[in-house]
Amino acid sequence: MSELNVNKISCQKGYNNLFSELSFSLTSGDILKISGANGSGKTSLLKILAGLSSAECGSVSFNQNQAGSSEYQKDIFYLGHLPALSSELRCQENLSFLSHLQSDNEPDITKNTLIDMGLKGFENEYTANLSAGQKRRVVLASLLINRAPIWLLDEPFTALDNNGIGILEKQITKHSSDGGICILTTHQDCSLSNMRTLSL
Amino acid sequence: MNIFIQTLTRDLKIALRNPSSFLNPLLFFVIAVSLFPLAISPEAHTLSNLAPGIIWVTCMLAVLLSLNALFHYDYDNGVLEQMVISHHPLPLLLLAKILSHWLLTGLPIVLLSPLLGAALFLDRESIGVLMLTLLLATPSLSLIGAIGASLIVGIKNSGMLLSLLILPLYVPILIFASSAVSQAQFGLSISAQLYFLASILILSLMGSPFVSALALRTSLE
C-alpha cells in the first residue's frame, strides 16, 4: 500500500512562523482537505509537498522516495493558483504539453478529454479567448489523463461553475476509489465522502 | 529527449504566433547598425575600421534586449512552476528554451550580418570571419544570458539589473570576437580568438543549463 509521509515539517515566511513540526501520513484512497484562514500557510504546505519549495526542517516522502527526487516528482500532480496555460497555444496544444511535462509516456489525449470537461467546441480555441473558469477546466482536463497517484490541488474550485465543481468532485472521488491520494485546499464546502480535514 | 523536442517546438510555436517578441530585438539590431554611417561618416575607410565593434556591440545589446522575455512569460502564467516540479531534468528543459532563444535571436543575427557588414564596407573575407565569430559566440550569449534571466525572474522592472549582471560576463566575448574581425581585415591570424570563443561556448554549454536550473529553483521558492 502506498503511503505519503509528512514528518515534522516547519515553514517560516519572513518573521512569520506558519506551522511547525507538522506531521501526518496518508494512504491510498485518502482525501485530505487543508483548511485555515488566509495566510495560514495552506499554499506553502502544498508547495512543499509538490517539491517546489523546501521545508525549514522535516521530510516529505512517498513510498520511501524523498520530495524533490525524480521518482517522487513523477508521482505528483500539482495545480497551483496560476493557470499554467500559454495564451498563444490552443487548448489541445496546452493540454498536450502539460501532459508531456507530467509523464514519460505519450499522453492519451482524445477529443473527448476536453469534451468530458465541458469544453465541447473549444478544443482548437486559443486559451487567450477563454474565460477564467474555462481555463481552469483545461488544466483540470489533465487530471483525466494523468496517472500520478498524488493530486495536490490548490483552490481547485475557484472560478468553476456548479457543473464544473460537480465534474471535479466526481473525478476526485474516482481517483480516491482507484487508490489515489488527493490533498486540496478550498474555502468552499465540498461534498466529498471519506474526506479528512487538516486545520492550519 | 522527447520532452526536449516538445519544449523546443512549443517555444518556437509561441514565438511565431507572437512575432513581435523576437522581431523587436532584430529590428533594433538592423536599425542601430544602419544609423552609424549617418552619425559618424559615410566614408568607406572609417566605417570598415569601426564595423567589427559596431556590429558586435549592437548584437550584444540586441540579445540583452531579448533576454527579459526568456523566462518572464512562462513565470507569469505558471508553466515555469510546472517545469520545475516536473520529473524531467530541469537543465534539459532549459536547454530547449535556450536553443529556441538562439534560433529566434542569434541565428537571424548571424544571417543578417553579411548584409550589415557590406553596408559598413567590410571586405568579403572579413564578412566571413564576422559570421564565423557570430556563429561561435551568439549561442554563448544566449547560454550566459539564461543564467541572468533565471536569477531575476519574479523581480519586477529588472531590466537594469539584468544588464548589470550579464554585461560583465559578455565582455570577454566582445573583446575576442571584435578583435578577430579587426585582425582579419589586416590579414593576421585569428585562430587564438576563435579558440577562445569556442572554449567559452563549450564552458557555457556545460555549465549554464545547470546554473540556470539552480537559480530558477531558488527564484521560485
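Okay, residues lined up against (1) crowded, with 22+ Cβ neighbours inside 10 Å; (2) more than 17 Å from B:Leu64 (Cα to Cα); (3) touching a Lys or Arg at 6+ places or on another chain (Cβ under 9 Å):
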{"position": "B:Gly145", "(1), (2), (3)": "yes, no, no"}
{"position": "B:Gly154", "(1), (2), (3)": "no, yes, no"}
{"position": "B:Asn157", "(1), (2), (3)": "no, no, no"}
{"position": "B:Leu161", "(1), (2), (3)": "no, no, no"}
{"position": "B:Leu167", "(1), (2), (3)": "no, no, no"}
{"position": "B:Ser179", "(1), (2), (3)": "no, yes, no"}
{"position": "B:Ala184", "(1), (2), (3)": "yes, yes, no"}
Subset tally (residues that are of a type in the set (S, T, N, Q), assigned to a helix (DSSP H, G or I) and either free of Cβ contacts under 8 Å to residues at least 12 places away in the same chain or within 14 Å of chain A (Cβ to nearest Cβ) (or both)) for the stretch B:15-45: 2
Identify the residue in the stretch A:1-22 that is part of a loop (DSSP other than H, G, I, E, B) and in contact (Cβ under 8 Å) with a residue 24 or more places away in the chain and, among all such residues, is farthest from B:Leu80 (Cα to Cα). A:Met1
Residue check for B:Leu12: more than 18 Å from A:Glu88 (Cβ to Cβ) and either among the hydrophobic types (A, V, I, L, M, F, W, C) or within 14 Å of chain A (Cβ to nearest Cβ) (or both): no
Odd one out for A:Ser70 among (1) in contact with a Leu (Cβ under 6 Å, 6 or more places away or on another chain); (2) within 7 Å of another protein chain (Cβ to nearest Cβ): (1)
Scanning the stretch B:16-31 residue by residue, those within 16 Å of the chain's Cα centre (by Cα) and of a type outside the set (Phe, Trp, Tyr) turn out to be B:Ser21, B:Leu23, B:Asn24, B:Pro25, B:Leu26, B:Leu27, B:Val30
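Table: residues versus (1) over 17 Å from the mean Cα position of the chain (by Cα); (2) surrounded by fewer than 19 Cβ atoms within 10 Å (Cβ to Cβ); (3) at positive phi; (4) of a type in the set (Val, Ile, Thr).
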position: B:Phe4; (1), (2), (3), (4): yes, yes, no, no
position: B:Lys13; (1), (2), (3), (4): yes, yes, no, no
position: B:Glu43; (1), (2), (3), (4): yes, yes, no, no
position: B:Val63; (1), (2), (3), (4): no, no, no, yes
position: B:Leu67; (1), (2), (3), (4): no, no, no, no
position: B:Ile85; (1), (2), (3), (4): yes, no, no, yes
position: B:His88; (1), (2), (3), (4): yes, no, no, no
position: B:Lys97; (1), (2), (3), (4): no, no, no, no
position: B:His101; (1), (2), (3), (4): no, no, no, no
Residue under question is A:Lys74, and the condition is that it be in contact with a His (Cβ under 6 Å, 6 or more places away or on another chain) and either under 24 Å from A:Ser142 (Cα atoms) or crowded, with 21+ Cβ neighbours inside 10 Å (or both); does it hold? yes
So how many residues does the stretch A:120-156 have that are farther than 26 Å from A:Ile31 by Cβ, polar (S, T, N, Q) and outside any helix (DSSP H, G or I)? 2
Condition test on B:Phe121, is it in a loop (DSSP other than H, G, I, E, B) and touching a residue at least 12 places away in the same chain (Cβ under 8 Å)? yes
If we keep just the residues of the stretch A:78-129 that are within 13 Å of chain B (Cβ to nearest Cβ) and farther than 23 Å from B:Leu12 by Cβ, which is surrounded by the fewest Cβ atoms within 10 Å (Cβ to Cβ)? A:Asn105
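Per-residue answers, yes or no, for (1) under 30 Å from A:Phe62 (Cα atoms); (2) of a type in the set (Gly, Ala, Ser); (3) touching a strand residue (DSSP E or B) at 6+ places or on another chain (Cβ under 8 Å):
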| residue | (1), (2), (3) |
| --- | --- |
| A:Asn105 | yes, no, no |
| A:Thr113 | yes, no, no |
| A:Gly118 | no, yes, no |
| A:Leu143 | yes, no, yes |
| A:Trp151 | yes, no, yes |
What's the total number of residues in the stretch B:1-12 that are closer than 14 Å to B:Tyr73 by Cα and either touching a strand residue (DSSP E or B) at 6+ places or on another chain (Cβ under 6 Å) or without any contact (Cβ under 8 Å) to a residue 60 or more places away in the chain (or both)? 1
List every residue pair whose Cβ atoms lie under 6 Å apart, where the two residues are 6 or more positions apart in sequence or sit on different chains, the first residue falls within the stretch B:127-144 and is under 19 Å from B:Leu203 (Cβ atoms) and touching a residue at least 40 places away in the same chain (Cβ under 8 Å), and the second residue, located anywhere, is of a type in the set (Ser, Thr, Tyr) and part of a helix (DSSP H, G or I). B:Leu134/B:Ser113; B:Ser140/B:Ser204; B:Leu143/B:Ser204; B:Leu143/B:Ser208; B:Ile144/B:Ser204
B:Ser48 fails exactly one of the following numbered conditions: (1) more than 14 Å from chain A (Cβ to nearest Cβ); (2) buried (at least 24 other Cβ atoms within 10 Å of the Cβ). What is the number of that condition? (2)
Cβ-Cβ distance below 6 Å, separation of 6 or more or different chains: which pairs start in the stretch B:66-94 with a residue that is over 25 Å from B:Leu23 (Cβ atoms) and more than 9 Å from every other protein chain (Cβ to nearest Cβ) and end on one that is buried (at least 20 other Cβ atoms within 10 Å of the Cβ) and at pLDDT 90 or above? B:Leu90/B:Ala213; B:Pro91/B:Pro209; B:Pro91/B:Ala213
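The values are calculated or read from the model by the stated rules, or taken from the named source; none is laboratory data. All values reported here derive from a predicted model rather than from experimental measurement. Glycine also receives a Cβ, built like all others from the backbone with ideal geometry; neighbour counts cover every protein chain displayed.
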